[in-house]
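Below is one structure, written out as C-alpha cells; comments come after it.
The values are calculated or read from the model by the stated rules, or taken from the named source; none is laboratory data. Quantities reported herein were computed from a predicted structural model and do not represent experimental measurements. Don't worry about glycine lacking a Cβ; one is built from the backbone with ideal geometry, like all the others, and counts go over all protein chains shown.
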Amino acid sequence: MNKRAQMSLIAIGVVCVISAAFGLFYNFSTLTVALSRAFPTDKDSPYFYQAFYTMSSVCILCYLLLFCCGVAFLRRSVRLVWLFVSLMIFEVIYFFSLGFFLWPMPQLGLSIAGATGVANGGLMAQFLILFPLWGSILAIWAKRHLQS
C-alpha cells in the first residue's frame, strides 16, 4: 500500500473527527441556550427558533456523518470516500444557498439570517481551513492510490 496515501487518509480522518467534535459541541451548546429561550427575537424575526432548530438538525446530521467518515479513514478504509465527498459538497451548497435563496425572502429572511449565524457556526471550523476543498481532493487521491 502507498504510505503517502495512507498518511493522507489518516490526516483527513483526524480533521474529520476534530471538526465533527467541535461542531457537535458548538451545536449542543447553542441548543441549550435556545431551549431556554435566551436568544432575543423581535417582530422582524418571528420564525427564528423554527429556522434555528431546522438548521441545527441539518448540521448535527452532517457532523455525525463526518465523524463516521473520519473513523473509517482513521482505520484506513476508503469505502466512505464518496460519502465524504458528497457531504462536503452538500455542506458548501447548503451554507451558501441559505444566503442566496432564503435571506431575501420577505417573511422569513430575517429569521433565517439570524438563525444562520447561530446554528451554522460549527461549520466555520471546516470552512476557515478550506477543508471541503482540499479534503475532498485528497480523499479521492488517496482512494485511487490505495485501490491500485
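Conditions first: (1) modelled with pLDDT of 95 or more; (2) exposed (fewer than 14 other Cβ atoms within 10 Å of the Cβ); (3) among the hydrophobic types (A, V, I, L, M, F, W, C). L66 passes all but one, so which condition is the exception?
Single failed check for L66: (2).
Every residue, every condition in (1) farther than 19 Å from I137 by Cα; (2) in contact (Cβ under 8 Å) with a residue 40 or more places away in the chain, yes or no:
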| site | (1), (2) |
| --- | --- |
| V14 | no, yes |
| T30 | yes, yes |
| S36 | yes, no |
| S56 | yes, yes |
| C69 | no, yes |
| L74 | no, yes |
| L83 | no, no |
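Quick one: in the range 35-57, of everything that is under 24 Å from the mean Cα position of the chain (by Cα) and buried (at least 18 other Cβ atoms within 10 Å of the Cβ), which residue is farthest from L108 (Cα to Cα)?
Looking at the filtered set, the residue picked out is S56.
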